[in-house]
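Everything below concerns the one structure shown next.
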Amino acid sequence: MSASATLLLPGTLDLLVLKAVSLGPLHGYGVLLRIEQLSGGALQVPQGSLYPALHRLVQQRLLASEWGSSDNNRRARFYRLTEGGHRHLEQETGRWARVSEGIAAVLAAEAAS
Amino acid sequence: MRRWLHTLRNRRYERELAEEIEHHIDERTADLVARGLDPDGARSQARREFGSVDLVKDHCRDQDRLAWLDELTRNLRFAVRRLRRAPGVFVAVVATLALCVAANAVVFTVVDTVLFQRLPYPAPEELFEVQWSSEQSRGSLRDSVDGTMWQSLADTAPELRACVYSDWTQGVNLIARSPTGAEVATVVERQRVGSGFFELLGVPMASGRGFDIDEDRVGGAAVAVVTWRLWRDRLGAREDVLGSRLLLAGEAHTVVGVTAERFDPGTGAEVFTPLRASREGEGSGTNYRILARIGDHERAGATAALDTASRSVAAMRGDGFSFEPVPLLQARSGWLRDRLLVLWAAVGAVLLIRCVNIAGLLIAAAGRRRQEMATRRALGGGAWAVTRQLLTENLLQTACGAALGLALAGVAMRWVAGWARTALGLTHDFALDDRALLYTLAVALLATVLFSLAPTARLARTDRSSLRQRGVTDRRSKGRAVLVAGQVALGVSLLLAATLLTRSLSGLSSADPGVELEGVVSGAVSLADANFAEAGAVREYFASGVEALRADPRLVGAGAFLSLPFQRGLNMNFTLAGDDDRHLTVVNYATPGALELLAVRHVAGRLIEDRDRSTSPLVAVVNQTFTELHLAGRQPLGARISLMGAEREVVGVVGDVRQVPSFSASAPLARDVPTVYLPADQFPVEAMGMVHTWFQPHWVVRARATPAAGTEALRSAIERLEPVTPIARISGLEEARARALAVERFQALLFAVLALLALVLAAVGLAGITATEIGARRREMAVRIALGSSLPEVVRRAILPILGVAAIGLAIGLLLAQLGGRALRGMLHGIGTDDPWSHLIVIGCLVGVAVLACAPPALRLLRLPVASVLQDEA
């Protein structure tokens, strides 16, 4: 992991995991890799938090898990998005967009002269 | 709790969690190796990056913990904590629920077994009893038939699968070889059944067969069928029992069959002999029953056959006679049906009271816990979370109460079953089966959950604003008052029913029996025996027996009767001299001095004396009811009556003796039964054999000291006298009376228990509402006291509304009882449902209970710390 990678904002891990999985079923390590890859290495997922997050999302029925075999033919638990997960991801993406636009607008304000 | 959850989680979960993390570290290691690290370094770096595996696993487990289970355990822990804080309420709730559950389980088992469950025979729905009605019976069915009716049915409807039998059992003497080789004489219950009886009931024999047609004819071979139990216990379980000889009733019988172990004839019989139905003798009266098996496809044919038979009997009798098939289950349990249904209703009423009670307690709890709930809601507890918490508490109580109740029911069931067997003669196999368990569980759930849903849901809706309104009474207490009045009403009607039944019973059992019971001991012997076929043998037996007993210094006197007080007597038709009208009377016989021994009141003329021998002029002694009914306006002494083919003179009149009326039954024991006493020596020889197959005569002695001495004297004297004629059922007359009233006692006691339970529950309800009411009005009371109201005035104001609730409940209850009283009417004797004393007792009880229930909270009011209440709530 590059030293310049940024730690995630609190509460955003679930959203990122859902997005990563929405592109296709992944095992835990695959989720980690995909987030790093999509963020161009800018975001670093704390490995210790990843698995509790995955299990939590399964418990909330946003993700479903099943056992399959990974690229090197090992047994691995794969996660995929459920119907509810899709809806949730859409909602949260919209919300995130509004919040970040808002924050960006606030931060872009200049002092009135 | 944590460890418990861990063990609950299965091993597979742990294995998969470990595997998942291991896979992650392996993948990471492989990536790092691909980037050029050496394998060992790569692995340790992967582990470092991952952090503590145990910690991650723990966090995963936290996420995966079964959410509802977790909440349930949390709720349960909370409930247990709360219950520990108020153990009194918990114990009260669990105890009352347990009693309700136990009562319901036991009564349901009895009702279900007797009324609804299938008879213990194959295809029991095909079994019918053929009953009959005529114009004279005005549509009501008679269950017994005479020989003519049976013969007509058998002749005109041979295609009908039917048989005739007697449902009476009598003790007869059985002489069997004991395992030690000695011959032992015992009395066994014998039932006489026609050919085809066992085949129709359909339970295959353990071995051998039932009776064939030739054996069931007069003069047929002497054969017997024994029950499995008799074979095992008395016949030494011999393999070669079929074809062996059995000395039964003094006659050698060949054993042709052994019934199956589980075979239950429903009469308690231990041995069966052929009935040999005829039109004469026994068959001239309605002493038989008809059993028929009618399959579904045979219905039409059977109806047609019965119609044909009905017409042929009707033509003979000319009275619109008609046969009617009645399902056997109904025919057997019909006499208990009303009583059991009333009992079931009563136990249901108790359950309803208990439900109302729970609802009331919960409303009260809602009042007290509004603060807590509002706080929880304010802290973010969802409405359903709060409801679930309350339901968990109820479920905990239900579970405890139901478990305790079932345990209690198990104990009570054994007791009730024993009683039903000995007192009511029910041979059913009473046991708490899965039907009863299911019913009980449903009942317990209904009692708590359903009735607690409304109050809890309402409580859960408590909003945050009630945090501010402390101690304000609301309209809810009005709803609760209605509930309490309702439960008082149900309790009152149950109490009234119990009081009426108890007073009816005590009237029956304390009424003058017409004889002196003290010290009297009796025992039955069976004279339906080849040894007593000659009338002379019977006379000889009585004479020598009386002589032997009179010689015993422990006894005041001795005698013999055909039937005793508190028993059912023999019915006979008689005519008065110069009149052809036939009347019915009870006929009894007595040895000289026997009437004096029982201290039957001597009214006129003389009693039976030593001079009344078979050769001397025929005489009779009649009772007062007989003279009033049949000799009114005449001089009874010297009147002549014709009985069993011989004319005799009335020489004496005695007082009435209480007995089980065998015709025009109105009460279980009655004194107004016309009765004729004949000297035992003068009882008609022709009738002797027949009468002794129905009735076992009784020896009677009066002990000088204790009844135990009488028992011993009686047994030793009679068995020495005639070793092959054992004496059975030795008991005091008091016990005989208790036996005759067994059904009434059974019912009165069960009702009393239920009424007591209902009263306790109503008291709990009243006490609860008083406590809440006074609790809610503490401030008002304090203000009143501070402003100078006297304490008694304040107490009066506090409890008057409660007594008002009780009074309304009482009024409704008495009204309810009037409506429901119709069901009880047939079960009350000597009093009506409007019995004023019973009403007074109920009112008194209720006033007492109401005062007792609201006294403690009202007395607490006297110690009200006025200043602090005012300060606290200002």
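The values are calculated or read from the model by the stated rules, or taken from the named source; none is laboratory data. From a predicted model like this one, the values you see are computed outputs, not experimental measurements. As a convention, Cβ positions derive from the backbone with ideal geometry for all residues, glycine included, and neighbour counts pool all protein chains shown.
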- Query: Which of the residues that make up segment A:54-88 are out of contact with any strand residue (DSSP E or B) (no Cβ under 7 Å at 6 or more places or on another chain), more than 8 Å from chain B (Cβ to nearest Cβ) and either under 19 Å from A:GLY30 (Cβ atoms) or touching a residue at least 60 places away in the same chain (Cβ under 8 Å) (or both)?
  - Reply: A:LEU62, A:ASP71, A:ASN73, A:HIS86, A:HIS88
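Hey, does segment B:689-702 have a residue that's assigned to a helix (DSSP H, G or I), free of Cβ contacts under 8 Å to residues at least 60 places away in the same chain, within 35 Å of the chain's Cα centre (by Cα) and within 21 Å of B:LEU733 (Cα to Cα)? It would help to see each step written out before you state the result.
Taking segment B:689-702 first, the residues assigned to a helix (DSSP H, G or I) are B:689-694.
Pick out the ones that are also free of Cβ contacts under 8 Å to residues at least 60 places away in the same chain and you get none.
Looking for residues that are assigned to a helix (DSSP H, G or I), free of Cβ contacts under 8 Å to residues at least 60 places away in the same chain, within 35 Å of the chain's Cα centre (by Cα) and within 21 Å of B:LEU733 (Cα to Cα), one finds none in segment B:689-702, hence no.
Looking at B:GLY820, B:GLY775 in this structure, which one is of a type outside the set (Lys, Arg), within 18 Å of B:GLY348 (Cβ to Cβ) and either in a helix (DSSP H, G or I) or touching a strand residue (DSSP E or B) at 6+ places or on another chain (Cβ under 9 Å) (or both)?
B:GLY820
Listed here are the residues, each with its yes/no results for (1) touching a helix residue (DSSP H, G or I) at 6+ places or on another chain (Cβ under 8 Å); (2) in a loop (DSSP other than H, G, I, E, B).
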| position | (1), (2) |
| --- | --- |
| B:ASP240 | no, yes |
| B:LEU247 | no, no |
| B:GLY257 | yes, no |
| B:ALA260 | yes, yes |
| B:THR267 | no, yes |
| B:ARG276 | no, yes |
- Query: Could you give every pair whose Cβ atoms fall below 6 Å, whose first residue belongs to segment B:844-869 and is touching a residue at least 60 places away in the same chain (Cβ under 8 Å) and small (Gly, Ala, Ser), and whose second residue is assigned to a loop (DSSP other than H, G, I, E, B) and surrounded by fewer than 17 Cβ atoms within 10 Å (Cβ to Cβ), counting only separations of at least 6 or pairs across chains?
  - Reply: none
- Message: For segment B:518-584, give me every one of the strands (runs of 3 or more DSSP E) that falls completely inside it and has 1 or more residues that are in contact (Cβ under 8 Å) with a residue 60 or more places away in the chain and not assigned by TED's automatic domain parsing to the domain that holds B:ALA717.
- Response: B:520-524
- Message: Can you tell me which residue is farthest from A:LEU33 (Cα to Cα) among those in segment B:29-60 that are in a helix (DSSP H, G or I), among the basic types (Lys, Arg) and within 14 Å of chain A (Cβ to nearest Cβ)?
- Response: B:LYS57
- Task: Report yes if some residue within segment A:35-43 is within 8 Å of chain B (Cβ to nearest Cβ), in contact (Cβ under 8 Å) with a residue 12 or more places away in the chain, surrounded by 13 or more Cβ atoms within 10 Å (Cβ to Cβ) and not acidic (Asp, Glu); otherwise report no.
- Result: no
- Out of segment B:312-337, which residues are aliphatic (A, V, I, L, M) and either modelled with pLDDT of 90 or more or more than 31 Å from the chain's Cα centre (by Cα) (or both)? B:VAL313, B:ALA314, B:ALA315, B:MET316, B:VAL326, B:LEU328
- Message: I'd like the full set of residues that are within 11 Å of chain A (Cβ to nearest Cβ) and among the acidic types (Asp, Glu), limited to segment B:10-28.
- Response: B:GLU16, B:GLU19, B:GLU20, B:GLU22, B:ASP26, B:GLU27
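Determine whether segment B:652-673 contains at least one residue that is over 39 Å from the mean Cα position of the chain (by Cα), in contact (Cβ under 8 Å) with a residue 24 or more places away in the chain, buried (at least 19 other Cβ atoms within 10 Å of the Cβ) and in the same structural domain as B:ASP579 (by TED's automatic domain parsing).
yes
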- Item | Test: A:LEU23 is out of contact with any strand residue (DSSP E or B) (no Cβ under 7 Å at 6 or more places or on another chain), modelled with pLDDT of 85 or more and within 14 Å of chain B (Cβ to nearest Cβ) | no
- Could you list, in sequence order, all residues of segment B:288-313 that are free of Cβ contacts under 8 Å to residues at least 60 places away in the same chain and farther than 18 Å from B:ARG161 by Cβ? B:ARG311
- Mind telling me which of the residues B:SER166, B:SER152 ends up being more than 30 Å from the chain's Cα centre (by Cα) and not acidic (Asp, Glu)? B:SER152
- Task: Hey, can you tell me all the residues within segment B:703-736 that are surrounded by fewer than 22 Cβ atoms within 10 Å (Cβ to Cβ), under 26 Å from the mean Cα position of the chain (by Cα) and touching a residue at least 40 places away in the same chain (Cβ under 8 Å)?
- Result: B:ARG729, B:ILE730, B:SER731, B:GLY732, B:GLU734, B:ALA736
- B:VAL203 is checked against (1) within 21 Å of B:ASN287 (Cα to Cα); (2) under 30 Å from the mean Cα position of the chain (by Cα); (3) not charged (D, E, K, R) and fails just one. What number does that condition carry? (1)
- Message: For a quick check of your reading of the model, give me the residue pairs whose first member lies in segment B:180-200 and is over 19 Å from B:PRO265 (Cβ atoms), whose second is assigned to a loop (DSSP other than H, G, I, E, B) and small (Gly, Ala, Ser), with beta-carbon atoms closer than 9 Å and at least 6 apart or on different chains.
- Response: B:VAL184/B:SER178
- Restricting attention to segment A:40-60, which residues are modelled with pLDDT of 85 or more and at positive phi? A:GLY40
